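J.: Sharing a structure, written as structure tokens. Questions coming.
What follows is calculated from the coordinates using simple rules that are stated; it is not laboratory data. Since the model is a prediction, treat every value here as computed from it, not as a measurement. Positions of Cβ are backbone-derived with ideal geometry, glycine not excepted, and every protein chain shown enters the neighbour counts.
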Amino acid sequence: VFELARTRGGGRDDHKRIKRESEGDGDSEMVMTSEELRWAHESARALASHLASEWTRCVDVFAAAHDESVSMSIIKEKVILALEGGAKDRARSEWRREVIVEHHRKMRASAAQSEDADASWSEAVGEGGAKALAAYAEAATEVGNRAWVLSALEWVVDSVGRYFGDGSDCVAEKRLVEFSWALANKRRARGISRARGISMDEAMNEVISDGVLGTPEQKIHDVTLFDVGSCWDYFGSHFKGPWPGKLERVTTMACDLRPSTKSVFQCDWLRVDIGDKETTIEPPSVGGEFQSLVAVREHSCHALVFSLVLSYVPTAKQRGEMVRRARLALMNRGMGLFFIITPHSTDKGHCPQKSLPILKAWRESL
């Protein structure tokens, strides 16, 4: 690393070079500038602290090193670029974390101090909070591209194919829960049995005779999916398909407080009208950039996703209202899937936090 620092320095600031006494003859030699020394120390610490990521980042360097036709100067240049790229990535990661954590902290503090949490929310997501929302959307978009978030969204894709399709092309070995119409019918029958005091057999007969909806034989190949709180529209813009389970068509709709792409509708899920009206999209307001989702027809979607959404909402009451509204938008009778993804529910096998008691409590609660 010290040799790379000298290579990177390129003779700059020679008058600031640190002298080192040579052993034996008392002569001194020019070693490196203070800037080169700082860079060498920072790079060495980065390599020690982030070995796995730096190893991946330098994989092309190792490939070049095995090629005898590549000069050592080119290899050194590649290593320097990789190390500097790592430093930039870590600085950006720290910025994302600061923006997201600080935004959450301010919203929760504001809600706690206010006598009217709903008014506090309206202020935070209104024009007064536009600048903070824009920064948050930028940071959230980058977080959405992290491997642990993408793996959760891919799990959603796979689960939708298993539940609504025929289950082909799905990653069966990764499923801990077997989604099925039979399971949905059994849950509904159990509710009827408890509410009316009748046997499970009677309740199940009533469920099955209630029409084709929710019967084990029923399969749907035209699915509607709502992605709430998605500023970057993974399912509509980034997932290239095909959807597993031989689904013929999956219509996706993403909405967020502050979209970062034109395919996402601007929407406050706590304020959107969910009822008998047809799903309604309004054009951008004067000076606006994004279309707005103002109304959602009740029980109109087959799947609804909250990916890293509930952790944004500051109070338990508002989080409960978010979930209640999601349930209203979903199909009835076992025909709707509701996905809640949070940082603690997502498998981060590389993180020590996976052993925290909160994860065990989360799984037990589910």
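J.: Calculate the FRET efficiency for HIS66 and ALA147 from the Cβ-Cβ distance with a Förster distance of 22 Å, rounded to the nearest 0.05.
T.: FRET efficiency, HIS66 to ALA147: 0.20.
J.: Please list, ordered by chain and number, the residues whose modelled amide H lies under 5 Å from the amide H of LEU308; skip anything fewer than 5 residues away on the same chain.
T.: Amide H neighbours of LEU308, under 5 Å, 5+ apart: ILE341, THR342.
J.: Among residues other than ASN145 whose Cβ falls under 14 Å from its Cβ, what is the net charge (Lys/Arg +1, Asp/Glu -1)?
T.: Residues near ASN145 contribute -2 overall.
J.: What number comes out for the charge environment of ASP227, summing +1 per Lys or Arg and -1 per Asp or Glu over other residues with Cβ under 14 Å away?
T.: -3
J.: Among rounded, prolate and oblate, which fits the stretch 69-168 when a ≥ b ≥ c are the square roots of the eigenvalues of its C-alpha gyration tensor, a/c under 1.5 means rounded, and a/b larger than b/c means prolate?
T.: oblate
J.: To continue, here is another question. Modelling each spin label as a point 7 Å along the Cα-to-Cβ direction, I'd like the GLU123/ARG196 distance in nm, to one decimal.
T.: 5.1 nm
J.: Which net charge results when you count Lys and Arg as +1 and Asp and Glu as -1 among the other residues whose beta-carbon is under 12 Å from that of VAL313?
T.: Computed value for this residue: +1.
J.: Starting from the amide H of PHE265, placed 1.01 Å from N in the peptide plane, find each other amide H under 5 Å away whose residue is 5 or more places distant or on another chain.
T.: ALA254, CYS255, ASP256
J.: ³J(HN,Hα) across the stretch 235-252 via Karplus (A = 6.51, B = -1.76, C = 1.60, θ = phi - 60°), whole Hz, x for Gly/Pro?
T.: Values per residue, Gly and Pro as x: 5, x, 10, 10, 6, 9, x, x, 6, x, x, 6, 5, 6, 8, 10, 8, 10 Hz.
J.: Could you list which residues have their amide H under 5 Å from that of ALA295, counting only those 5 or more apart in sequence or on another chain, with H placed in the peptide plane?
T.: Counting only residues 5 or more places away or on other chains, the set is ASP273, THR280.
J.: With each pseudo-label sitting 7 Å past Cα toward Cβ, what's the ALA316-VAL101 distance in nm, one decimal?
T.: Placing both labels 7 Å beyond Cα along the Cβ direction yields 2.5 nm.
J.: Just grab the label-to-label distance for GLU42 and SER209, each label 7 Å out from Cα along the Cβ direction, in nm (one decimal).
T.: 7.6 nm
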